[in-house]
Structure formats: C-alpha cells, structure tokens
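Coordinate-derived values only; no laboratory data. The shown structure was predicted, so the numbers you read here are calculated from the model rather than taken from an experiment. Cβ placement follows ideal geometry from the backbone for every residue including glycine, while neighbour counts extend to all protein chains displayed.
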Amino acid sequence: MLKFLPFLVSLLLILNVKTISAQPAHKSQSSEIHGIIFNEDYQPVNDAHIILQYPSRNDVSDKKGRFELGPLDAGTYTIRIEHVSYQTLELKKVKVKSGRIAVLDTIFLSTGIYQSENVIITATRTGQKLSELIPIVSMVDRREIERRNSQTSAEALREESGIFIQKTNHGGGSAIIRGLSSNQILILVDGIRLNNSTYRLGNHQYLTTVDNNMLARIEVVHGPLSVMHGSDALGGTINLVTESPQFSEGANQINYNFSNRYATADQAKTVHAGINYITSKLVFQSGFSYKNYGDLRQGTTNISNKLKTAIPGNTQKPSAFTAYDFNGKIIYTPGEKQKLIAAYQQSRQDDVPRFDKYAYNGFNKWFYTPQKRDLLYGVYENKNKLGFINSFRSTFSYHRQQEGREKQKLPQSSLTKELDDVATLGFMFQAQSTYKTHLLHYGLDLYLDQVQSSAQIIDSTKTSQATRGRFPDGARYNSLGIFLEDEYHFSKAWQLDAGIRYSVFNTAFTISQDAVQNSYQKQFRALTGSIGLMFKPNMWSSFSSNFAQGFRAPNLSDLTKFGESKGAVFEVPNLAVKPEEALSLDLNYKVNLPKLKMVAAVYYMRISDLLISAPDLYKGKPKIISGTDTLNIKSKQNAGEAFITGFEWSLRYGFAPGFNFRSNLAYTYGENKTARDPVGGIPPFFGLAGLSWQKQDLFLETYTRFAMEQPRLSKDDLDDPRIPPGGTPGWFTLNMRVEYEISPSIKVNFAIENILDQLYREHGSGINSPGRNFIFGLKIKG
C-alpha cells in the first residue's frame, strides 16, 4: 500500500485538472470582488485578512485598504474580515454577476480587540486557520509563552496535548510526538530546517538552542508531514516562528521590551532585552538574552529508590550552564503586498554537563561545549496576483551548527575533545494559486550540508589527533524536494486535500579504517503522498480523516556514526541501512465554539524498516575497550515492521464568566512486529488538568500534570541506564501561576511548580525533574 499511495494522489490531482479543463465552453465568465476597508476615522486599514471560505479565497488589504478576491463564479457569497486591532466583520449575501467586478467601497471596521482564530503556516506553508486544517495542530502563542514563563522553548510545549518532553540533562529538551522523537521529528525555525544530517536518533537538546524570548508562537503538526516538508517529519513537525512587528500606519516608532526570570530550583537567572524601530516601510528588530542556570535540585518527597543516582544529596551536580542568544531582523516593503526580510539568529551554550554520564557511568567530566548555532536568512514575499500565482515566497538560508564534546572518565585519564561542525545552505520556493474551488500549494526546497568532524586526545604529555571524529570529516549530504498539494472544496461542507512530493538525497563521504581510505556515495529517493478529507456539518465542528505517508532517509548519524552513545554503548557505522517509511491514518473530531474548544484524535501508524540501535560487531568483536570501560558494540539497523497507535484529546471550556477549565490526555502503544518487542522510547499515558480565572488584569491558574508508570520497555530501553529497572514510576505534580498586569507596560508573573516537592522523572530523561520551584517573572515594554 505504501508504494501505491503516491500514484493514487497523482491520479486524483490529474483528475482534478482534467475536470477543470473539461468545463463546457458556455460556462459563465469569471468574476471578482474588490473592496476598500476603512476604520471609524475614515483611514484605510492595512493588513486586514479578507477570507472567503467557499470557494477558498483570501487576501490581505494593502496600505490603501484595498483587496481583491477572485476568480469567482456568479453567485452570492459571505466575506469575513479580520484584523488584530478591530472587531471581526462578516458581510453576508454579497452578490456577484457573471463576468463583472463587485465593488465594496464602504467597508468600515469598528475598534475593539477581538480573539481571532489562530492562523497556522506549518501545515500548508501558507497561513490557514486551525479550523480549515485536516491534521491535528497545537499552537502556543506569544501570550501563552509569556504566561508559562518556561525555561526553554522545549518546556513551553510540555502542557500541550500529545507532546512529551524528555531531558537527558538540564540543558536538554527533546519532543516526543506519537511515540517518535529525535530525528523522527522535524524542527523548523521560521520554516527553515533545524534538522541537519548529523541529528541523532537518541534524544537531544537542539530545540533548546532556539530562544523562547524571540518567538511569536510555536506550531506543532501531529503525525507525518513529509509531503510538505520532506524527510524526518514522521511523528510530527515543530515550527518555531519568530516575532515580526507590523509596519507603522502613522509616525515612526521606537519600541523596547525587557524581561527577566528567576527560579529557585536551580537558581536560574534569565534576562532579555529587545528594541524595535518601526516606520511605514521599514522595521528593525533586535534582542539579546542571557541565561545562567545553576545545579538543579530534585524533589524530596515520595522518594523512590528507582530514581536514586550515584550523585549524593538532592542537588544534581553538575548540571549548571550558561547560554547567550541574539537575534536581529530587518523587514522592508518595496511595494504593495511585498516584503523583504533579512534575519540573523545566534545561540551559544557553554559547558553543558551531560548529567547522566556522571550519575550512571562515573565520568569525571562530560560537557557539551561549545554548543553553537548561527542562522542567516533572506526572504522575498509577494502577495500580489501574478497571472496564475496568487502569492509566493522565496527563502535563502545559511545555517551553521557546532556541537563539541569534552569527555574524561577519571581525573588521571586522557581528555577527549570532539567537534562536529555542519554548515547548511538552503533555498525554498513556495507559491499558492487558485482555480475554481481548488487551492494549490506547491514549491521546492534544497539543502546542502557540509560536515567537518574531528577529535583530539589530550593527556599529561601530548595532544594527538584521533583517526576520525564522530562523522567522516568532509562529508556532504544534499537533499532536494518538489511538492504539490491541492485543497479542493467540492461543497460548503466537504473538503479534500491531496498532496504529492518527490525527494532525492545524495551523500558522499570517506571512511578510514586500518590506514585505508574508502570513499562511498549513497542515494535515496522517495515519492510520498497524502490524502485528507474533512466534513463540516456546521460552522463550529468538523470530522476529518488523514491518510499520510511519512519518509525518513538515513542521515550521516545513521550511516556513519563512530563513538559512544547512551550507557555502556559504542556505535559503529552501518552503510546498509535503508529509509524508514510510515503510513498513518488519523480520525479526528474538532469543536470550535467561543466557550468550548475540543479536539479528539485516534491514529494508527505502520512503520516499515524502523531504525533502531541494535547489537553489532566491530572488527569481529561484540565489545570494545575505551579507556577503563568495556562498551557494547551497536549500530543503527532496520528492525522490520512496527506499528504505533494511540489517541490525543484536549478540552478548553469556559463554564462561567472569567472561569476556564482545560484538560488533555494522550496514550501511545507501539510494537515491533518483526522483533516481537515494544517500540523503544514510547512515553506512558500522560496528561494535564487545570482551572483558571481571569478578571481584567489578573490571571490565576492551578493545574496538575501527571504520567502513569511505563513498564513496557524495548530491548534497547533495557540498555538505557536513564530508565530504571522495571520502568519509570508514575508521578503527578500540583502547580499554580499568577499573572498581573500592573499597567499596559508592566506585567509580573509568579508560579509555584511541583508544590508537593515530589521526586519524579519524565520517562527516558537522564536527570530528575525540579523539586518545589518558585518562579518569578517581570516584563516591561514601551
């Protein structure tokens, strides 16, 4: 079935095109709707969103308030107009005659901020409302990021339905979605891939290298999204979208913001400052963050021997580290509905201890240092209609990520320094077109990785260069993808999405063994597809199903990694690994009312050639001596066929004025059918329930997070010292938070997490979670 899905999608797309081209010649001529939007002071309104749901059409008003919708058939339509600074306006029974332009030149928006429906860009690469999307999507906006006042971008997601956050160390933060994690989850920054060809299958810290202080929102699409974004998007896709201030409609402005955070469990001190210069055609934005985290204190009640480590006391030492982040962005409009964007992001983390190596393997020293990320990109965006194209966006990017490791087993042992340096050039083009009731999204993306990898061994008398680093030095890894998705509204109640993507991956590297240089080249190709169907019986609910194929090409970490892994494991290359393929079916139900929002989803995913870490031989032996340790040899291997199934559920209900109840639950079950073994790393049943109250400038909330015991462990899990024998114990925490807006420019936060000071650990984590934690926050803006 995996092989036939792309051809089925192709056939649907071709049939749609043939249906379009086969319209009879006497069909009525196309029409359009033009309009101008004003505010109550008769000033034109810029950046208003004009939405026609059926057929799907949308536009954004220009500086003169003008917009255009079309082409359309003759008929009667309903138009919705939204703007963050005005009340939503709905124009009903707008009549359009055949071959004519209907002109609406007296549209006025009333002042008053409204709660608009979230607009998501990750699922289709262009902005669409949550209610119009077939997949399940989580979104954490800027207000919620500030309210949660989390330590990192990863921890800002841990209250979302179906998203489990694992932490190997205090600086870690790896998302697990639908039982998959690490390089089976695609991470994007402003739509640009964070994943590169060295991202490992084991949980990692890369999500935390994106500063949460610069984010406008975090979007998470649950399930495969390989058609739109290519390899790695198996369990889900996370897009971290940075802030982009709007142009000024009047005088030039200078805005500033300052925030700080202090937490008692690790004596964490975070400071962020930003400044914006805004004119009618130019925006300059910059921000800087400094973060200092101390050693983390664990809980002291509900003590479990399973969670005790070799580190004495309640302070998990060493776990302290520092981090620095900088971001800058320039936005310029060269003409109506056009943008040029130039942006730079920098992240630095110094001396980040990998705590599990101290706690379970007795290391004298094990640091990630340096941990560096630099992203430079430029964007040209045009929302003017250019023939068949409604809008398009092109992006050039340069992304450099460096990960260093310093390891020393005993004080008298030699010190090993490793450094992996990956430079990625990227180009993306995406466009949107409409024809009748079809909305087409199409484009291409290209990424070129250049990898430098080295290792040094330093002892008391000399420094020597190791034979090779973790990856082949000078390796290249390139990927190219071309995609097309058709969003077809064949009635007001029914929507069909069909997509197809062709991807090709090429890698070249040299491996040295026994003084012999062997050069290799590998290529992987994939044709992937997806089909989704949505039925909306009314304006506030929908039933949907998504049938999607996922694909992950083996990267350099899968093919060529040579070095220590978790516990007493040493990984060696395996050039025979094949791509992972997945076929996923979702059944979803969504409710979107002003006082009630609910999402329920069940899913089943079948994975072919699942990659796992399994026992292997190196130079004919199953073990290797590394210093004073004897390590088991493993490599990445295709383990056959597996399945993952489960459900996700979330609810938000405003049951009385100012009062809201929220809850979410998630359960995942995975089985490797070939090996008759559980799929590794599956989180337990987990969830959240909370009650909040808000009146004017004051917000109060109390909530509980919990996870059940996870006794189902794979053979690879059993080799992981971070997972206690018999599985990770269940846990729950009680928490509360307060937010008070002293004035429009000053806001304070206070929270107590883990009020009962429970000793607990998120499943698969290498460090116990914080004990009772008092968190203070202050935000000033002007």
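Computed from the C-beta positions of residue 674 and residue 91 and an R0 of 60 Å, the FRET efficiency is 0.55 to the nearest 0.05. Taking other residues whose beta carbon is less than 11 angstrom from the beta carbon of residue 547, and scoring Lys, Arg as +1 and Asp, Glu as -1, yields -2.
Think of region 474-612 as having a plus end and a minus end, set by charges on the Cβ of Lys, Arg, Asp and Glu; of 499, 524, 475, 499 sits farthest toward the positive end of this dipole.
Rounded, prolate or oblate: pick one for the chain, where a ≥ b ≥ c are the square roots of the eigenvalues of its C-alpha gyration tensor, a/c under 1.5 means rounded, and failing that, prolate if a/b is larger than b/c, else oblate. Because a/c hits 1.5 or more and a/b exceeds b/c, the chain counts as prolate. Paramagnetic label reach from residue 78 (point 7 Å along Cα→Cβ; backbone nitrogen cut-off under 19 Å): within region 512-549, residues 534-543. The dipole here belongs to region 266-323: it is taken about the Cα centre, uses +1 on the Cβ of Lys and Arg and -1 on the Cβ of Asp and Glu, and is about 100 debye. With 0.36 nm allotted per residue and the present C-alpha distance subtracted, the residue 641-residue 626 stretch has 2.0 nm of extension available.
A dipole drawn for the chain from +1 and -1 charges on Cβ atoms has a positive end, and of 424, 332, 305 the residue lying farthest that way is 305.
Placing dummy labels 7 Å off each Cα toward the beta-carbon, the span from residue 778 to residue 267 is 2.0 nm.
The dipole here belongs to the chain: it is taken about the Cα centre, uses +1 on the Cβ of Lys and Arg and -1 on the Cβ of Asp and Glu, and is about 320 debye.
Is region 599-745 best put as rounded, prolate or oblate by its Cα gyration tensor, with a ≥ b ≥ c the root eigenvalues, rounded for a/c under 1.5, and otherwise prolate when a/b is larger than b/c, oblate when not? It is prolate, given that a/c is not under 1.5 and a/b is the larger ratio. Loop-located chymotrypsin sites (Phe, Trp or Tyr not before Pro) across region 474-541 with a Cβ neighbour count of 16 or fewer within 10 Å are 490, 540, with loop assigned by DSSP.
So which of 522/619; 317/747; 306/372; 291/372; 407/522; 63/695 end up more than 26 Å apart by C-alpha? Where the Cα-Cα span goes over 26 Å, the pairs concerned are 317/747; 306/372; 407/522; 63/695. Near residue 709, the amide H atoms lying under 5 Å from its own belong to 730; only residues 5 or more places off or on other chains count, and H is placed 1.01 Å from N. Site pair residue 493 and residue 533 shows an inter-label distance of 1.4 nm when each label is modelled 7 Å from Cα along Cα→Cβ.
A cut-off under 11 angstrom between Cβ atoms defines the neighbours of residue 488, and their net charge, with Lys, Arg +1 and Asp, Glu -1, is -3.
Distant-in-sequence amide contacts of residue 180, defined by a placed amide H-H separation under 5 Å and a gap of 5 or more residues or a different chain, comprise nothing.
Based on the Cβ-Cβ distance from residue 216 to residue 275, what FRET efficiency comes out when R0 is 22 Å, to the nearest 0.05? For residue 216 and residue 275, the calculated efficiency is 0.85.
Between region 615-659 and region 712-782, the alpha-carbon centres lie 22 Å apart. How long is the gain from residue 617 to residue 248 if the chain were fully straight, where each residue apart is worth 0.36 nm and the alpha carbon distance is subtracted? Result: 126.4 nm gained on full extension.
In the chain, the longest principal axis of the Cα atoms and the axis of helix 5-21 are about 10 degrees apart. Applying 1/(1 + (r/R0)^6) with R0 = 22 Å to the Cβ-Cβ distance of residue 482 and residue 423 gives a FRET efficiency near 0.40. For a quick check of your reading of the filter: which trypsin sites (Lys or Arg not before Pro) in region 193-298 sit in a DSSP loop and have no more than 14 other Cβ atoms within 10 Å? Loop-located and lightly packed - 281. When the helices of the chain are scored as -39500 (n - 2.57) per DSSP H run of n ≥ 4 and the total is divided over every residue, the value at 222 nm lands at -1500 deg cm²/dmol. Beta bridges assigned by DSSP with both partners in the chain are antiparallel in approximately 95 percent of cases. Quick check on region 608-672: take the gyration tensor over C-alpha atoms, sort the square-rooted eigenvalues as a ≥ b ≥ c, and tell me if it's rounded (a/c under 1.5), prolate or oblate. Taking the square roots of the gyration eigenvalues as a ≥ b ≥ c, region 608-672 is oblate. For residue 551, the amide hydrogen comes within under 5 Å of the amide hydrogens of 226, 232, 233, 582, counting only partners 5 or more places away or on other chains and with H modelled in the peptide plane. Computed from phi, the 3J(HN,Hα) profile of region 631-638 under the Karplus parametrisation 6.51, -1.76, 1.60 (θ = phi - 60°) reads 10, 7, 7, 9, 8, 6, 9, 6 Hz, with x in place of Gly and Pro.
Subtracting the Cα-Cα distance of residue 326 and residue 465 from 0.36 nm times their residue separation leaves 46.7 nm of extension gain. In a simple Cβ point-charge model (Lys, Arg +1; Asp, Glu -1; nothing else charged), region 386-468 has a dipole of about 80 debye relative to its Cα centre. With a simple spin-label model that places each label point 7 Å from the Cα along the Cα-to-Cβ direction, the separation between residue 303 and residue 512 comes to 5.2 nm. The trypsin sites (Lys or Arg not before Pro) of region 660-715 meeting both criteria, a DSSP state outside H, G, I, E and B (loop) and at most 10 other C-beta atoms within 10 angstrom of the site's C-beta, are 676. Quick one: net charge around residue 469, please, counting Lys, Arg +1 and Asp, Glu -1 for every other residue with C-beta under 12 Å from its C-beta. Summing Lys and Arg as +1 and Asp and Glu as -1 gives 0.
Once the dipole of the chain is set up with Lys and Arg at +1 and Asp and Glu at -1 on Cβ about the Cα centre, which of 387, 292, 314 lies farthest towards its positive end? Selected residue: 387.
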